[in-house]
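Read the figures in this text as sums done on the coordinates, not as results from a lab. Note that the structure is a prediction, hence the values are computed from the model and not measured. Glycine also receives a Cβ, built like all others from the backbone with ideal geometry; neighbour counts cover every protein chain displayed.
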There are 4 protein chains.
Amino acid sequence: MANSEFGYVRNFEQPDALSLSNWIVVRIDGRGFTKLCKKYDFAKPNDRRALDLMNAAASEVVKAFVDVVLAYGQSDEYSFIFHESAALFDRRSAKLATSIATAFTAEYCMQWSSFFPDQPLVRPWPTFDGRCVCYPKRKILRDYISWRQADCHINNLYNTTFWSMVLKGGMSPTEAEHALKGTVSANKNEILFSRFGINYNNEPLIYKKGTVIYRSYEGDAVTNGESGEARVADPTSKTQMEKERKRKLKAVIAVEHVNLIGEAFWEAHPYVLATKRK
Amino acid sequence: MANSEFGYVRNFEQPDALSLSNWIVVRIDGRGFTKLCKKYDFAKPNDRRALDLMNAAASEVVKAFVDVVLAYGQSDEYSFIFHESAALFDRRSAKLATSIATAFTAEYCMQWSSFFPDQPLVRPWPTFDGRCVCYPKRKILRDYISWRQADCHINNLYNTTFWSMVLKGGMSPTEAEHALKGTVSANKNEILFSRFGINYNNEPLIYKKGTVIYRSYEGDAVTNGESGEARVADPTSKTQMEKERKRKLKAVIAVEHVNLIGEAFWEAHPYVLATKRK
Amino acid sequence: MANSEFGYVRNFEQPDALSLSNWIVVRIDGRGFTKLCKKYDFAKPNDRRALDLMNAAASEVVKAFVDVVLAYGQSDEYSFIFHESAALFDRRSAKLATSIATAFTAEYCMQWSSFFPDQPLVRPWPTFDGRCVCYPKRKILRDYISWRQADCHINNLYNTTFWSMVLKGGMSPTEAEHALKGTVSANKNEILFSRFGINYNNEPLIYKKGTVIYRSYEGDAVTNGESGEARVADPTSKTQMEKERKRKLKAVIAVEHVNLIGEAFWEAHPYVLATKRK
Amino acid sequence: MANSEFGYVRNFEQPDALSLSNWIVVRIDGRGFTKLCKKYDFAKPNDRRALDLMNAAASEVVKAFVDVVLAYGQSDEYSFIFHESAALFDRRSAKLATSIATAFTAEYCMQWSSFFPDQPLVRPWPTFDGRCVCYPKRKILRDYISWRQADCHINNLYNTTFWSMVLKGGMSPTEAEHALKGTVSANKNEILFSRFGINYNNEPLIYKKGTVIYRSYEGDAVTNGESGEARVADPTSKTQMEKERKRKLKAVIAVEHVNLIGEAFWEAHPYVLATKRK
């Protein structure tokens, strides 16, 4: 049969399963969003509609992929975190990255008109690239999340100051860029307050902290393992697995703008990154 | 600064550039399309609107990614082929797979209503997973394309027979499946002809051969290298590269349903897989 | 210059650095040792000279590679464990595997005559293949070590019984194999005791437990971190690093045959797999 | 059984098979040979005994690994080339690299005393690291070989001039290095000739060209395929494979110092890199 003559080409596919017992982050980034911001006249420094759309899209992705334990987003990026024990798609890297990235892209495009009712979406459609990164320890995953949130803060403080100088202070972008070169956080806070009457602390949390999305089981009982770590059931029987899947599908999808760098959030929601019982 | 404390997590990203001098195939596949076919009542064995949508989406992807030299699609899958010398995204595997898969998904979702005007798209949106495969020789890439086209033929002959037995012959799916077990092509051709008056040879080419998409430069001069291989310019200066990019953007995107297994197509379009001049 | 014309081939080398914050095991295995055992008439079920040679070779490798925190060996295999924070050779997989495997091979060949003075080594020389495996958690690394030691025990119990039946019981190898099919540990212990008067518990530890090699710092002060984990200095300044290297070079290389599956060994030597201070 | 409890750690091993239809180069390099050269007083710029030892070791490796089609060496490095269709060890990268590197190391150590009878080898033993690199086309593999031979020539011309200036010209190493900075080949040839009466063209070929090792089948009939490429039998039946293996084991191992950059060598020995019949 013709097929068997050519079937050998299948052997050129390389295995790409991610290492076991590693937290998997699938981070997606808007492709060419600088142009897109201009095309649709996004507000500066932050466009609330655009962020709301990002969060609405991400919520649906979290809802659809029950293996995602948490997602964090800011600007035109989102990180979807799979539990270190996740077995979805046999942990194949390309499958995970493309499934998440296309689901997010579809949501973003299809929900666009709800957030930008007066601006019909035209080609080139917004799309997102993606990649998988493995983190071998919960502590390092936490640092990853902190890294993205610190990045959000740094960029937002810069952008808030920069666009105040341009939009309210009458500076040209080049002048503002020049003026901000070498400044530290305190300088920017000072500029905002003294020149523009803005207390950065009072800026909306969604801009300063970005957005975290997770399944909330506030009512659920969560047991603590002997190592002092929170543990949730890691069901092994098929019935249990189906039950667990349904529990996750029914869970409330919490969308919040809170500090993730300190311990408070994690102590309040120990089950989010909890070790599974073996 | 907070960022530098956490920035080390960046070092967990693994390089994923694909080997140089290999043809790159990005194949995308519809996720959960069996369900989707039922939900939107796709005609059996082939839904022309669905195939036209696939091809319309793929054409736009080829148009947008000038490094794609050829695309081949059938059923709910499409293969996008990058020239072995392609340098797009530094040949990073995840970036290539997610960029193509999200571009295709966006096209499919956004063009849906043009092909299914009476069936509004509802969640879960259609999405496509994807992966990169490297082929080190043109000959092997040709075999890959032949493999997909042979697969198209085999499946279409089976499906055409199966659905004739069910829809016209009044068999249950189980009965039809049973009856076809162990049959070869000749048997299926015979069943189609004797029982249902269908001459398989007269079936539409789009069903039997799938769809090939490529940039057509029929008018262009193409020189032949000393090795007897067709060669096209591989521009090195920036001006030349920009000129080449524009030439590609202006090229006619040909969409055809033809035999790719024999030599005819390739001899008629030697520039499609031509070696670049160094 | 000629070189620049060909230098592009360098770009075909693929990066192969192992993921950060993973324990690295380089396991080496004797190549074709079944033949070698016959050629040099190794005693059955265990040849003490051969095991002593393995351990002598491994000790020198541990001595030479100060980044190795522990090595475990049995039969014709040895596992060399690098700390999860090791930076040797930038964690390049091929470099680590080949450096360890060639160092071990050289030791084995060059020390041969000390252990087999009457049997001159002839070609093909004994060689060892090797590979790197990453373990993301100390717990999993511990399970790896337990796996190898459990394997040692299982094989040794089997081999001790099998060779007793053959060498003392007058069975043919095929008969012995047949007789042992389906037996569990208790059966083998019983056979050994009742038929051959061997109490397996009294067999030498080197055969039952294999060999562990580590740097012993029994006199050294080791502080305990707040997480209850033992910690050792992770020197960052160059002077400190050099001091640390010298400390390791001077450390006693302990060679022992002890149980590694339980907690006792690890509690007695907490510094062996201790987390480094950041 | 204890084993099954721990056996899961096996799943952390990552597959590492090299892409099919790629030429595989295993290049080994002497570890710390600068020190070794000093320790054993290697002659400068070339130590004939050391090169002869390298070549003797490589010959034995080629003899032992019948899948190696050609090896090229210079200085303290050697490249072993496997045919693109090689299936040895299922093309596993670590297994190939460590098997070749340990075989070479064992040969080097065990043959040392034949080449350096007056200088007993002492610890640290000479060892070699290694790595696999894939080349997807014969043309690129040829460029790899040319790259190494061009490197040999460049280094040898430099070293010959440098050491003439130091050993015969009475310059300090720093002075010689300084004097050679920025010089091109012509300058070095001139220095050698005018100051030291050395005509570089008359230097021994082993120093200027390095060493190529291959299986010579000069008497054998080799057929030419229709593509104009030389082809050798690619036996598929077991009997044929065994016959082929024996033919290779009996083949003469040719060791030569010739130009590999031009076409002459390859035209004279078309079977060395010949495509196998499928």
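Here are some notes:
- Partners for C:K188 among lysines (Cα-Cα distance below 19 Å; same-chain residues under 8 apart left out): C:K44, C:K168, C:K208, C:K209
- GNM result for chain C, Cα springs below 10 Å: residue of C:S114, C:S59, C:S99 fluctuating most strongly: C:S114
- Each peptide among A:197-203, B:191-197 gets the average number of other Cβ atoms lying within 10 Å of its residues, and from highest to lowest they stand as B:191-197, A:197-203.
- Global geometry of the range B:44-166, whether rounded, prolate or oblate, following the gyration tensor of its Cα atoms and the 1.5 cut on a/c: oblate
- Cα centroid separation, the range A:68-129 to the range D:108-176 (Å): 53
- Cβ-to-Cβ counts within 10 Å put A:T98, B:T34 in ascending order as B:T34, A:T98, the fewest first.
- The mean number of Cβ atoms from other chains found within 10 Å of a Cβ in peptide C:104-114 is 5, as a whole number.
- Label-to-label distance, nm, for residues given as D:D118 and D:A17 (7 Å Cα→Cβ offset): 5.4
- Nearby lysines by direct alpha-carbon distance to B:K250 (threshold 18 angstrom, same-chain neighbours under 8 apart not counted): B:K63
- Inter-copy label distances at C:K39 (7 Å, Cα→Cβ; nm, one decimal): 2.6, 6.5, 6.8
- Gaussian network model of chain D, springs between alpha carbon atoms under 10 Å - residue of D:Y40, D:Y214, D:Y158 with greatest fluctuation: D:Y40
- Given +1 at the Cβ of Lys and Arg, -1 at the Cβ of Asp and Glu and no other charges, the dipole of the range D:157-210 around its Cα centre is 120 debye to the nearest 20.
- Entry note, chain B: relative contact order of 23 percent, from Cα contacts under 8 Å with a spacing of 6+ residues.
- Packing around the peptides D:21-28, A:177-184, A:123-130, D:100-107, taken as the average count of other Cβ atoms within 10 Å per residue, puts them in this order, highest first: D:100-107, D:21-28, A:123-130, A:177-184.
- The charge dipole of the protein assembly as shown, taken about its Cα centre with unit charges on the Cβ atoms of Lys, Arg (+1), Asp and Glu (-1) only, comes to about 0 debye.
- Pairs from D:K95/D:K243; B:K276/D:K243; B:K35/B:K139; B:K139/B:K246 whose Cα-Cα separation, in the structure shown, is over 31 Å: B:K276/D:K243; B:K35/B:K139
- Peptide B:118-127 has a mean shielding of 4, counted as Cβ atoms of other protein chains within 10 Å of each residue's Cβ.
- Overall form of the protein assembly as shown per C-alpha gyration tensor (a/c, 1.5; a/b vs b/c): rounded
- Here the simple spin-label model places points 7 Å from the Cα toward Cβ, and for C:T183 and A:V184 these points are separated by 7.5 nm.
- A cut-off of 5 Å between modelled amide H atoms, ignoring neighbours fewer than 5 places along the same chain, links B:R92 with B:L18.
- Degrees separating the helix B:238-250 axis from the principal Cα axis of chain B, which is the longest one: 20
- When only the Cβ of Lys, Arg, Asp and Glu is charged (+1, +1, -1, -1), the dipole of chain A relative to its Cα centre reaches about 260 debye.
- Local net charge near C:M171, Cβ-Cβ under 15 Å (Lys/Arg +1, Asp/Glu -1): +3
- A cut-off of 5 Å between modelled amide H atoms, ignoring neighbours fewer than 5 places along the same chain, links D:L70 with D:I81.
- Cross-link partners of D:K137 among aspartates and glutamates, defined as those whose alpha carbon lies under 15 angstrom from its own and excluding same-chain residues fewer than eight positions apart: B:E84, C:E13, D:E84, D:E229.
- Principal-axis tilt of helix D:138-163 within chain D, Cα atoms, nearest 10 degrees: 20
- Shape class for the range D:115-190: oblate, because the ratio a/c of the largest to smallest gyration tensor axis (alpha-carbon atoms, square roots of eigenvalues) is 1.5 or more and b/c is at least a/b.
- Paramagnetic reach from D:A43 (point 7 Å along Cα→Cβ, amide N under 12 Å) across the range D:253-274: none
- A simple spin-label model places the labels of B:T239 and B:L88 2.7 nm from each other, with each point 7 Å out along Cα-to-Cβ.
- For the peptide A:148-154, the mean number of other protein chain Cβ atoms found within 10 angstrom of a residue's Cβ is 3.
- Along the axis of the charge dipole computed for the range A:1-94 (Cβ charges of +1 for Lys and Arg, -1 for Asp and Glu, origin at the Cα centre), the listed residues A:L53, A:V25, A:V66 are led at the positive end by A:L53.
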